[in-house]
């Protein structure tokens, strides 16, 4: 057997062996993913969820989603209230962005209501903070949405009960409206879509925030 033929046979054997190792690894990973946590299965069945990704090891509940939306509304009102009372509203707003949003843990898509042009989308915490409290020369059009101040804030997801919430395991999507009320009693409604992700610490954080004024033909 010549050297070239021997080398070819060895190379073929190595490639086949490597492919087999890769396939075995993939199969083991697939089996691990399919072994969904029993507690997660229990919650999926109790909530009647049908779209959860296969092998989910974390599950968000409807109660958690609603609690996160309510907390967002309360935080928005509190920022303005602190400003009115002379409190440290800036520090509080920063803490809200760290706790309620995913900026400190990964990516966030944030499209606020009153934004346009090149500053329509705020993909970092600096841009989001500017939108809520203003005072950033890099965002000269931001006056501070949370500083109106709003005295009330409420949300409502589309459809009946929890129809406006989709849960896929560690990720949940909501679509509906948010109403904010100013000191003059005037209420403003915006269309709102949120995507929440459950972190390893069990906390829900916003990874997508899309807000817009309703279409008025």
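Numerical summary
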{"item": "Set 90, 81, 107: member being within 25 Å of residue 202 (Cα to Cα) and in contact (Cβ under 8 Å) with a residue 40 or more places away in the chain", "result": "107"}
{"item": "Qualifying position, being at pLDDT 95 or above, over 17 Å from residue 80 (Cα atoms) and either surrounded by fewer than 17 Cβ atoms within 10 Å (Cβ to Cβ) or in contact with a strand residue (DSSP E or B) (Cβ under 7 Å, 6 or more places away or on another chain) (or both), among 161, 178, 151, 171", "result": "171"}
{"item": "Residues that are out of contact with any strand residue (DSSP E or B) (no Cβ under 6 Å at 6 or more places or on another chain) and surrounded by 15 or more Cβ atoms within 10 Å (Cβ to Cβ), drawn from the range 206-217", "result": "none"}
{"item": "Selected residue [under 30 Å from residue 209 (Cβ atoms), in contact with a strand residue (DSSP E or B) (Cβ under 8 Å, 6 or more places away or on another chain) and at pLDDT below 85] from 51, 62", "result": "51"}
{"item": "Residue 211, sole failed condition from (1) within 18 Å of residue 127 (Cβ to Cβ); (2) not in a strand (DSSP E or B)", "result": "(2)"}
{"item": "Unique residue being in contact with a helix residue (DSSP H, G or I) (Cβ under 9 Å, 6 or more places away or on another chain), over 19 Å from residue 163 (Cβ atoms), surrounded by 14 or more Cβ atoms within 10 Å (Cβ to Cβ) and at pLDDT below 95 when the list is 56, 75", "result": "56"}
{"item": "Criterion (closer than 22 Å to residue 189 by Cβ, modelled with pLDDT of 95 or more and touching a helix residue (DSSP H, G or I) at 6+ places or on another chain (Cβ under 6 Å)) met by exactly one of 142, 136", "result": "142"}
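The values are calculated or read from the model by the stated rules, or taken from the named source; none is laboratory data. Not measured: the values here are computed from a predicted model. Every residue, glycine as well, gets a Cβ built from its backbone with ideal geometry; the counts of neighbours run over all protein chains shown.
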